[in-house]
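Structure record follows, encoded as structure tokens.
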Amino acid sequence: MGLFSFIKGAGSKLFGGKKEEEKTVELTRQQALAQEINRLGIPVNNLEVDLGQSVIVSGQTDTNANREKIILALGNVEGVSSVDDRIEVTNPEPEAVFYVVQKGDSLSKIAKEHYGDPMKYPQIFEANRPMLKDPNEIYPGQTLRIPPA
């Protein structure tokens, strides 16, 4: 649990363009964020998404991996600068490291940096599914989970 920071100008355009964003009411933004978690199929019970100074998320899930995926799914939305994590984990395991993609990065480059082996990039790709659909489609500013080796 804690507060996680993200790059506000990077991420999926869940809320549409600036004109649409100005028209969007807070309840609709909350619903859009909750629907994104449901669309991705990340298992969580009693999901609540609130908006304050940051996106506040609570609920219960089985693993830290699911918790981290929820945090990243919300944080990697354009316009979200921080996620206040209040999710309970029933079967905690070691936490992953969060990594912000830099210009020129690839999953194999990140795997070499974190695991010493660029061929371990599938571990990073799988750790970030369903948010990632293709290992070649990452972008600067995106935050990824890097699970323990």
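Quick note: the coordinates plus some simple rules give every number you see, no bench work behind them. As the structure is a prediction and not an experimental result, all values here were calculated from the model. For neighbour counting, all protein chains shown are included, and Cβ atoms are generated from backbone atoms with ideal geometry for every residue, glycine included.
A few notes on this one:
- Here residue 60 and residue 100 are evaluated by their C-beta separation; at R0 = 35 Å the FRET efficiency comes out at 0.80.
- Rg/Rh ratio calculated on Cα atoms of the range 2-89 (Kirkwood radius): 0.94
- Spherically averaged projected area of the chain from its Cα convex hull (nm²): 8.5
- Summary of packing: across the peptides 73-79, 4-10, the per-residue average of other C-beta atoms within 10 Å ranks them, highest first, as 73-79, 4-10.
- A crude spin-label estimate for the pair residue 149 and residue 28, with each label 7 Å from Cα along the Cβ direction, gives 4.9 nm.
- GluC sites (Glu not before Pro) restricted to the range 82-149 and DSSP loop, no more than 13 other C-beta within 10 Å: 137
- Cα-centred dipole magnitude for the range 2-89, charges only on beta-carbon of K, R (+1) and D, E (-1), debye, nearest 20: 300
- Neighbour cut-off at most 12 other Cβ (10 Å), DSSP loop, trypsin sites (Lys or Arg not before Pro), the range 60-149: 103, 133
- The share of alpha-carbon pairs in the range 67-149 lying farther apart than 21 Å comes to 27%.
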